[in-house]
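**Student:** Please read through the structure below; I'll follow up with questions.
The values are calculated or read from the model by the stated rules, or taken from the named source; none is laboratory data. Note that this is a predicted model, so its numbers are computed, not measured. Here the Cβ positions follow ideal geometry from the backbone for every residue, glycine too, while neighbour counts run over all protein chains shown.
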Amino acid sequence: MPGGTPGLAAGLRATVRAVVTGADTAEAMGSGNLPVLATPRLLALAEAATVAAVAPQLADGLTTVGTAVSLEHRKASPLGAEIVVEAELTEVDGRRLVFGFIARPAGADAAGSDADGTGADGTGADGTGAGSGDAGSGDAGVVVGAGTVERVVVDGARFLARAQSSP
(Lines give C-alpha, C1' and ligand atoms only; values in the text may rest on other atoms or scores of the structure.)
Protein backbone atom coordinates (compact mmCIF):
# COMPACT_ATOMS: atom_id res chain seq x y z
CA MET A 1 0.00 0.00 0.00
CA PRO A 2 2.18 2.85 -1.22
CA GLY A 3 1.65 6.18 0.45
CA GLY A 4 0.19 4.69 3.64
CA THR A 5 -3.11 6.28 4.56
CA PRO A 6 -3.47 9.66 2.83
CA GLY A 7 -6.60 11.53 3.89
CA LEU A 8 -6.67 9.94 7.32
CA ALA A 9 -5.95 12.32 10.16
CA ALA A 10 -6.85 12.58 13.81
CA GLY A 11 -10.19 14.28 14.30
CA LEU A 12 -12.30 12.27 11.83
CA ARG A 13 -15.48 11.19 13.57
CA ALA A 14 -18.85 9.56 13.08
CA THR A 15 -21.89 8.77 15.15
CA VAL A 16 -24.05 5.64 15.05
CA ARG A 17 -27.50 5.35 16.64
CA ALA A 18 -29.44 2.24 17.54
CA VAL A 19 -32.56 1.34 19.48
CA VAL A 20 -32.13 -1.69 21.74
CA THR A 21 -34.24 -4.58 20.42
CA GLY A 22 -34.59 -8.15 21.59
CA ALA A 23 -31.80 -9.22 19.22
CA ASP A 24 -29.40 -6.74 20.89
CA THR A 25 -29.79 -8.13 24.40
CA ALA A 26 -27.35 -10.12 26.50
CA GLU A 27 -30.01 -12.82 26.69
CA ALA A 28 -30.24 -13.13 22.88
CA MET A 29 -26.49 -12.89 22.26
CA GLY A 30 -25.55 -15.42 24.91
CA SER A 31 -23.42 -12.99 26.90
CA GLY A 32 -25.79 -12.99 29.86
CA ASN A 33 -29.38 -13.78 30.76
CA LEU A 34 -30.98 -10.34 31.04
CA PRO A 35 -32.92 -8.36 28.43
CA VAL A 36 -30.52 -5.37 28.35
CA LEU A 37 -28.01 -4.17 25.74
CA ALA A 38 -25.32 -6.82 25.41
CA THR A 39 -21.70 -5.79 25.73
CA PRO A 40 -20.85 -7.47 22.39
CA ARG A 41 -23.58 -5.38 20.72
CA LEU A 42 -22.19 -2.19 22.28
CA LEU A 43 -18.79 -3.13 20.87
CA ALA A 44 -20.31 -3.75 17.42
CA LEU A 45 -21.89 -0.27 17.50
CA ALA A 46 -18.54 1.27 18.48
CA GLU A 47 -16.79 -0.56 15.64
CA ALA A 48 -19.48 0.56 13.18
CA ALA A 49 -18.84 4.17 14.19
CA THR A 50 -15.08 3.75 13.71
CA VAL A 51 -15.61 2.27 10.24
CA ALA A 52 -17.99 5.10 9.30
CA ALA A 53 -15.48 7.71 10.47
CA VAL A 54 -12.78 6.68 8.01
CA ALA A 55 -14.51 4.82 5.16
CA PRO A 56 -15.13 7.96 3.05
CA GLN A 57 -11.40 8.75 3.18
CA LEU A 58 -10.15 5.34 2.04
CA ALA A 59 -9.12 4.62 -1.55
CA ASP A 60 -11.13 2.05 -3.51
CA GLY A 61 -10.34 -1.46 -2.38
CA LEU A 62 -9.06 -0.42 1.03
CA THR A 63 -10.90 -1.14 4.27
CA THR A 64 -10.06 -1.46 7.94
CA VAL A 65 -10.03 -4.48 10.23
CA GLY A 66 -10.20 -4.48 14.00
CA THR A 67 -7.10 -5.56 15.92
CA ALA A 68 -7.57 -4.43 19.54
CA VAL A 69 -10.33 -3.14 21.80
CA SER A 70 -10.70 -1.71 25.28
CA LEU A 71 -14.31 -1.38 26.39
CA GLU A 72 -15.91 -0.31 29.64
CA HIS A 73 -19.68 -1.03 29.73
CA ARG A 74 -20.85 1.30 32.51
CA LYS A 75 -24.66 1.39 32.41
CA ALA A 76 -27.40 -1.06 31.45
CA SER A 77 -29.73 -0.05 28.60
CA PRO A 78 -33.21 -1.64 28.52
CA LEU A 79 -35.28 -2.67 25.52
CA GLY A 80 -36.41 0.40 23.58
CA ALA A 81 -33.54 2.62 24.74
CA GLU A 82 -31.84 4.62 21.99
CA ILE A 83 -28.04 4.58 22.18
CA VAL A 84 -25.75 7.09 20.46
CA VAL A 85 -22.14 6.02 19.90
CA GLU A 86 -19.57 8.57 18.76
CA ALA A 87 -16.12 7.53 17.59
CA GLU A 88 -13.19 9.81 16.86
CA LEU A 89 -9.91 8.93 15.17
CA THR A 90 -7.27 9.97 17.70
CA GLU A 91 -4.06 8.53 16.26
CA VAL A 92 -2.73 7.54 12.84
CA ASP A 93 0.51 5.54 12.79
CA GLY A 94 1.02 4.35 9.21
CA ARG A 95 -1.74 1.82 8.58
CA ARG A 96 -2.61 1.60 12.31
CA LEU A 97 -5.59 3.70 13.45
CA VAL A 98 -6.65 4.34 17.05
CA PHE A 99 -10.12 5.59 17.94
CA GLY A 100 -11.75 6.75 21.15
CA PHE A 101 -15.48 6.16 21.51
CA ILE A 102 -18.24 7.04 23.91
CA ALA A 103 -21.81 5.72 24.07
CA ARG A 104 -24.67 7.60 25.68
CA PRO A 105 -28.44 7.36 25.83
CA ALA A 106 -29.96 9.54 23.09
CA GLY A 107 -30.44 13.07 24.40
CA ALA A 108 -27.95 12.61 27.24
CA ASP A 109 -24.90 14.06 25.48
CA ALA A 110 -23.72 17.37 26.84
CA ALA A 111 -23.73 19.25 23.53
CA GLY A 112 -27.06 17.94 22.22
CA SER A 113 -27.53 15.55 19.31
CA ASP A 114 -27.85 16.33 15.63
CA ALA A 115 -26.61 19.87 16.08
CA ASP A 116 -25.03 20.45 12.69
CA GLY A 117 -24.72 17.18 10.76
CA THR A 118 -21.07 17.74 9.86
CA GLY A 119 -19.85 14.30 10.88
CA ALA A 120 -17.42 12.29 8.81
CA ASP A 121 -19.92 9.97 7.14
CA GLY A 122 -23.00 12.16 6.60
CA THR A 123 -25.33 9.38 7.77
CA GLY A 124 -26.22 10.07 11.36
CA ALA A 125 -22.96 11.80 12.18
CA ASP A 126 -23.65 14.80 14.35
CA GLY A 127 -20.23 16.46 14.38
CA THR A 128 -20.95 18.17 17.70
CA GLY A 129 -17.66 17.25 19.35
CA ALA A 130 -19.49 15.92 22.40
CA GLY A 131 -16.92 14.02 24.40
CA SER A 132 -14.12 14.99 22.03
CA GLY A 133 -13.27 11.31 21.69
CA ASP A 134 -12.07 11.29 25.29
CA ALA A 135 -13.92 8.50 27.05
CA GLY A 136 -13.08 9.92 30.46
CA SER A 137 -13.85 13.55 29.73
CA GLY A 138 -16.48 13.95 32.49
CA ASP A 139 -19.14 15.29 30.12
CA ALA A 140 -22.48 16.13 31.70
CA GLY A 141 -24.39 13.23 30.11
CA VAL A 142 -24.81 9.68 31.30
CA VAL A 143 -22.23 7.33 29.80
CA VAL A 144 -23.35 3.86 28.73
CA GLY A 145 -19.88 2.80 27.68
CA ALA A 146 -16.54 4.07 26.47
CA GLY A 147 -13.18 2.87 25.28
CA THR A 148 -10.76 2.56 22.40
CA VAL A 149 -10.70 0.59 19.18
CA GLU A 150 -7.59 -0.08 17.10
CA ARG A 151 -7.96 -0.89 13.41
CA VAL A 152 -5.50 -1.45 10.57
CA VAL A 153 -5.97 -0.32 6.95
CA VAL A 154 -5.77 -3.28 4.55
CA ASP A 155 -6.38 -4.07 0.90
CA GLY A 156 -9.69 -5.94 1.11
CA ALA A 157 -9.05 -8.41 -1.72
CA ARG A 158 -5.56 -9.30 -0.50
CA PHE A 159 -6.80 -9.67 3.07
CA LEU A 160 -9.60 -12.05 2.00
CA ALA A 161 -7.26 -14.06 -0.21
CA ARG A 162 -4.88 -14.58 2.72
CA ALA A 163 -7.74 -15.42 5.09
CA GLN A 164 -9.16 -18.00 2.69
CA SER A 165 -5.78 -19.65 2.11
CA SER A 166 -5.13 -20.03 5.85
CA PRO A 167 -6.10 -23.36 7.48
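**Student:** Give the number of residues within segment 80-89 that are outside any strand (DSSP E or B) and either touching a helix residue (DSSP H, G or I) at 6+ places or on another chain (Cβ under 7 Å) or free of Cβ contacts under 8 Å to residues at least 24 places away in the same chain (or both).
**Tutor:** Looking only at that region, the number is 0.
**Student:** Tell me whether segment 69-86 contains one or more residues that are surrounded by fewer than 21 Cβ atoms within 10 Å (Cβ to Cβ) and either at pLDDT below 95 or under 17 Å from residue 12 (Cα atoms) (or both).
**Tutor:** No, because not a single residue in segment 69-86 is surrounded by fewer than 21 Cβ atoms within 10 Å (Cβ to Cβ) and either at pLDDT below 95 or under 17 Å from residue 12 (Cα atoms) (or both).
**Student:** Which number in (1) buried (at least 16 other Cβ atoms within 10 Å of the Cβ); (2) farther than 12 Å from residue 85 by Cβ marks the one condition that residue 47 misses?
**Tutor:** So the condition that residue 47 fails would be (2).
Quick grid of which residues meet (1) touching a residue at least 12 places away in the same chain (Cβ under 8 Å); (2) touching a strand residue (DSSP E or B) at 6+ places or on another chain (Cβ under 9 Å); (3) surrounded by fewer than 12 Cβ atoms within 10 Å (Cβ to Cβ); (4) under 12 Å from residue 78 (Cβ atoms):
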position	(1), (2), (3), (4)
5	yes, yes, no, no
8	yes, yes, no, no
14	yes, yes, no, no
17	yes, yes, no, no
20	yes, yes, no, yes
25	yes, yes, no, yes
32	no, yes, no, no
37	yes, yes, no, yes
41	yes, yes, no, no
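**Student:** Restricting to segment 28-44, and then to whatever is over 9 Å from residue 85 (Cβ atoms) and assigned to a helix (DSSP H, G or I), can you tell me which residue is farthest from the chain's Cα centre (by Cα)? Before you say what the answer is, go through the steps one by one.
**Tutor:** As a first pass, look at segment 28-44 and keep what is over 9 Å from residue 85 (Cβ atoms): 28-41, 43-44.
Imposing the further condition that a residue be assigned to a helix (DSSP H, G or I) reduces the set to 28-29, 39-41, 43-44.
Details: 28: 21, 29: 19, 39: 13, 40: 12, 41: 11, 43: 7, 44: 7 Å.
Among those residues, the one meeting the criterion is 28.
**Student:** Taking interchain pairs and intrachain pairs at least six residues apart, which have beta carbon atoms under 6 angstrom, with the first residue in segment 141-167 and free of Cβ contacts under 8 Å to residues at least 60 places away in the same chain and the second crowded, with 17+ Cβ neighbours inside 10 Å?
**Tutor:** 141/104; 141/108; 141/109
**Student:** Scan segment 6-27 and give yes if some residue there is part of a loop (DSSP other than H, G, I, E, B), more than 17 Å from the chain's Cα centre (by Cα) and closer than 30 Å to residue 161 by Cβ, otherwise no.
**Tutor:** yes
**Student:** In contact with a helix residue (DSSP H, G or I) (Cβ under 9 Å, 6 or more places away or on another chain) and either within 23 Å of residue 144 (Cβ to Cβ) or surrounded by fewer than 21 Cβ atoms within 10 Å (Cβ to Cβ) (or both), is that true of residue 92?
**Tutor:** Judged against the criteria, residue 92 is not a match.
**Student:** Then there's this: Please determine whether any residue of segment 45-54 is closer than 19 Å to residue 142 by Cβ, in a strand (DSSP E or B) and in contact (Cβ under 8 Å) with a residue 24 or more places away in the chain. Quick ask: steps written out before the conclusion?
**Tutor:** Taking segment 45-54 first, the residues closer than 19 Å to residue 142 by Cβ are 45-46, 49.
Subset that is in a strand (DSSP E or B): none.
Checked segment 45-54: no residue is closer than 19 Å to residue 142 by Cβ, in a strand (DSSP E or B) and in contact (Cβ under 8 Å) with a residue 24 or more places away in the chain.
**Student:** Take the residues in segment 95-107 that are touching a residue at least 60 places away in the same chain (Cβ under 8 Å) and closer than 15 Å to residue 50 by Cβ, then tell me which one is surrounded by the fewest Cβ atoms within 10 Å (Cβ to Cβ).
**Tutor:** The extreme case among them is 95.
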